[in-house]
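Just below is one structure, and these are the notes that go with it.
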Amino acid sequence: IASSSATWSTVTVADVGDVLLGRRRAPEYLASVHERKYLRVANVKDDRINFSDLEAMRFDEQHVARYELIPGDVLVSEGQSPEKLGQSAIFQGYPEPLCFQSTLQRFRARRAVTSAEFAQIVFRSHVRSGVFRRLGSITTNIGHLTLEKFKAAPFPLPSLDEQRRIVGEVDRRLSIVREVAAEVDANLKRAAALRESMLVQAFGG
């Protein structure tokens, strides 16, 4: 995406948002009074959240306030296969309150300097370019992006106007990609149906 970098600066993730590691599962929380469903790393895919297999655990009042998600929170994987380390998605809301577990980190953008949408573009770029993988530690084929490493990760920061332009252009191009992918999928299904029909005709007598 063509852009002048003259007015860009490079800061850190911690400079542009509040970052929090999710709450761990532990026996001492079993007596807490509030049961909440939560998101874990298995629920967060590349730019989307799978809500089909939510688990639940108990939270006390203080932890509900601390770990409950709000629309616009970006969830970033803390532990993942190395090539997917730092995979993220924007939480857009859910019919009931949700919290998040310690395999995820929550990034909450400071709206005066950036947006969730622009941050998500940066984070997806860091996955593909290997930035998160280089920052993380790899053990037995599992990568870990610690809270400290994630907060210190570089964050390119143009003006808000430039960020909005980039988000709009990325959305436009991705919509074209999605349309092409849908057409390819439809063509593959038509080809499979045609192949099946031809086999039936050939061997059906």
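Quick check on my filter: what residues within the range 140-156 are aliphatic (A, V, I, L, M) and open to solvent by 30 Å² or more (accessible area, probe 1.4 Å)? Those that are aliphatic (A, V, I, L, M) and open to solvent by 30 Å² or more (accessible area, probe 1.4 Å): 142, 147, 152.
For every residue, the table says whether it meets (1) basic (Lys, Arg); (2) crowded, with 18+ Cβ neighbours inside 10 Å; (3) under 15 Å from the mean Cα position of the chain (by Cα); (4) not in a loop (DSSP other than H, G, I, E, B).
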residue: 66; (1), (2), (3), (4): yes, no, no, yes
residue: 75; (1), (2), (3), (4): no, yes, yes, yes
residue: 93; (1), (2), (3), (4): no, no, yes, no
residue: 106; (1), (2), (3), (4): yes, yes, yes, yes
residue: 124; (1), (2), (3), (4): yes, no, yes, yes
residue: 138; (1), (2), (3), (4): no, no, no, yes
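Matching residues to (1) β-branched (Val, Ile, Thr); (2) more than 30 Å from residue 59 (Cβ to Cβ); (3) crowded, with 16+ Cβ neighbours inside 10 Å:
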{"position": "101", "(1), (2), (3)": "no, no, yes"}
{"position": "118", "(1), (2), (3)": "no, yes, yes"}
{"position": "127", "(1), (2), (3)": "yes, no, yes"}
{"position": "132", "(1), (2), (3)": "no, no, yes"}
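The values are calculated or read from the model by the stated rules, or taken from the named source; none is laboratory data. Every value quoted in this text rests on a predicted model; they were computed, and no experiment measured them. All Cβ positions, glycine included, derive from the backbone under ideal geometry; neighbour counts span all protein chains shown. The accessibility values were calculated without ligands, DNA or RNA, using every heavy atom of the protein model including side chains. Shrake-Rupley method; radii C 1.70, N 1.55, O 1.52, S 1.80 Å.
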